[in-house]
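The structure appears below as structure tokens.
The values are calculated or read from the model by the stated rules, or taken from the named source; none is laboratory data. Bear in mind the structure is a predicted one, so any value in this text is a computation, not a measurement. Heads up, the Cβs are rebuilt from the backbone with ideal geometry, glycines too, and the neighbour counts pull from every protein chain shown. Note: accessible area is taken over every heavy atom of the protein model, side chains too, but ligands, DNA and RNA are not part of it. Shrake-Rupley method; radii C 1.70, N 1.55, O 1.52, S 1.80 Å.
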Amino acid sequence: MSHDRTPDENRNGHPVPRDADPQARARALQSYLIEKELLTTDQIDEVMSLYEDEIGPRNGARVVARAWTDADYRERLLEDGSVAIDEAFGYTGPEGTDIVVVENTDDVHNVVVCTLCSCYPWPVLGLPPTWYKSPPYRSKIVRSPRRTLREEFGVNIDDDVEIRVRDTSAEVRYMVLPRRPVGTDGMSESDLAALVTRDSMIGVDRPGDEHVEEL
Amino acid sequence: MTDTTDLDGIIADLREREAFPERGGDLSFDAPWQARAFATVVTLYRQGFFEWNEFQARLIEAIKSAEQADDTDAEEVYYRHWLEAAEDLLSDQGVVVGDELERRVREFESGERDASEFVVGVDHAHTHTHSHDHDHNH
């Protein structure tokens, strides 16, 4: 074999060397756990189909639409996001504890980042997009949020609107409650939900500045 | 080998759906092994092997110790960290013992083991989702 190394030379205390082929590592991990009868393929497939079909930004959109149409719900949501989301919709699971919902207003724009890694409220938004996890976004949005929103996302935030960068941490997951677009009076909750984008719940989009006809 | 999974097929579907990220689950995997790593770890959590924040802490460590200001292959780099975090955590828990896992990684790398452990063969590709009955040997 071409991988003649003393056991700890490359491992540095890790059970598997970091430079090993990741495809082999992923296959080895899964097959190891299955052969030891610690996990089953059915359990793993179930997770995939959950994240494929049920857990994604449509969930968050429903929460936002409810908050737009029900003032009491909006209040509960801003008070304790995780509880209000779980109670009304049953969205919970990993990355779902301690979801804090922050509200965009005429004067304040919130944008979410995780500078440590990639913390993100999975139950309401699904898995984070690639750019959210990338080092450039994680540093730029903190250093110069207004410019990053303009240059990377094409979102112009007026100078008199305060931008709050919410750094998600190991303890807290943020979700933005965007403003309701103008011209949506009388729309049903489900029609409203269809207007809510994933990006607006991360805060890299600000549809509340637009009239519904422009969206 | 009787254990098979149709993850690779699922990923093909997912990547097609990425054209409509707002509709689907918006999974941004670049390769099947990333989905495999993701699903394995989430399944371990669901089965109670660890608390989510225990895994999170390992992931942060892995990212910290390797960060580069470069976003080429962001998904690959990210899920490498994800694997490292899982391997380290399972090793500390004694679920993975000694060099068992490393040996297995080498066997996959060298081709001694291959993906036929997972990928359903062409001859029965259409039977894998809902008709397991005749696959089971008792």
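Data for the structure
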quantity: In Å², nearest 10: area of residue A:14 left accessible to a 1.4 Å probe; calculated: 30
quantity: For a label point 7 Å along the Cα-to-beta-carbon line of residue B:75, residues of the range B:28-46 with backbone N under 20 Å; calculated: B:28-43
quantity: Accessible heavy-atom area order of B:76, A:95, highest first, probe of 1.4 Å; calculated: B:76, A:95
quantity: Partnerless Cys - chain A, beta-carbon criterion under 4.7 Å; calculated: A:117
quantity: All-pairs Cα distance distribution in the range A:153-206, expressed in whole percent, bin size 10 Å; calculated: 19, 45, 29, 6
quantity: Residue order for A:131, B:52, A:68 - accessible surface, 1.4 angstrom probe, largest first; calculated: A:131, A:68, B:52
quantity: Solvent-accessible area of residue B:64 with every protein chain in place, 1.4 Å probe, in Å² to the nearest 10; calculated: 150
quantity: GNM result for chain A, Cα springs below 10 Å: residue of A:143, A:173, A:198 fluctuating most strongly; calculated: A:143
quantity: Radius 12 Å from Cβ of residue A:161, net charge of other residues (Lys, Arg +1; Asp, Glu -1); calculated: -3
quantity: Rg ratio (alpha-carbon, reference 2.2 N^0.38 Å) - the range A:64-215; calculated: 1.00
quantity: Buried area at the B-A interface (accessible, heavy atoms, 1.4 Å probe, summed, Å²); calculated: 6400
quantity: Model label zone, residue A:161; criterion: amide N under 19 Å from point 7 Å along Cα-to-beta-carbon; scope the range A:101-135; calculated: A:101-113
